[in-house]
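Nothing in this text is a laboratory measurement; each read-out follows from the coordinates by a stated rule. Predicted model only: the values in this text are computed from it and were never measured. Neighbour counts run over all protein chains shown; Cβ positions are idealised from the backbone, glycine included.
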Amino acid sequence: MPQILVVEDDAEMVRGLKDNLEFEHFEVDVARDGEAALKKISGGAYDLIILDIMLPKLSGLDVCKRAREQGIATPIIMLTARSEEIDKVLGLELGADDYVTKPFSLRELAARVRALLRRVQIERGVPGGTYRDSRIEVDPSRHRVVCQGREVALTRRELDLLWHLISLSGRVASREQILDAVWGLAAEVDPRTVDAHIRTLRRKLGADVIETLFGSGYRFKAAE
């Protein structure tokens, strides 16, 4: 049974999330503040984390950032009452895999949880299951990326995006195509989510790893 950590300080919200997720056959653990969440994340083996941005002691953004800095790749869905685009983009750039803006339906959140867990299980890419050139080596089955001889920690969503572009063998992918292939929720996720993840991949792997073709989309650039 998949184990989910819900990080939320509102008791009524916690009760609703816990009841709904348990009804969907998930095992649910709860943390009520950012510091407690980080301890649980660091010491536990969760399949997915639902993380509110506004938390006591340590914000959800800080929890996400520190977890990723520790190399924890557990998928994260952020909950936010904020509607400003910069908050959503910042969360994605810090390593969140998806976000849901309050108020939201519990049915929608459960659907996003199931979709994200499915994506974690799906390996996309080239025959043989690995990719290697003179600059980068990618082995999704081991969640391992080595760039310029240095191992790089990617979130699951970042790895899925990189692997999808590699699998296209030099073909261009539009934002919408990437959303459909990697997120599976193209009609519900802001296309700029892709841009935020591309920026993070370039920061981690180098600016020349992924090309932008203006008006068309993105393409993985193999080393010469």
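Annotations for the structure displayed:
- Angle of helix 11-23 to the longest C-alpha principal axis of the chain, folded into 0 to 90 degrees and rounded to 10: 60°.
- Rounded to 10°, Cα long-axis angle of helix 34-43 versus longest principal axis of the chain: 60
- Sorted by Cβ neighbour density within 10 Å, fewest at the top, the residues 174, 169: 169, 174
- Inter-label distance, residue 213 to residue 180: 1.6 nm, where each label sits 7 Å from its Cα along the C-beta direction.
- Dipole moment magnitude, nearest 20 debye, region 131-220 about Cα centre, only Lys, Arg, Asp, Glu C-beta charged: 300
- Ranking of 112, 68, 15 by count of other Cβ atoms within 10 Å, fewest first: 15, 68, 112
- In this calculation the C-beta distance from residue 203 to residue 9 is compared with R0 = 30 Å, giving a FRET efficiency of 0.45.
- Cα-based helix-to-principal-axis angle, 192-205 vs the chain, degrees rounded to 10: 60
- Put in line by how crowded their Cβ is, counting other Cβ atoms within 10 Å and starting with the fewest, 182, 14 read 14, 182.
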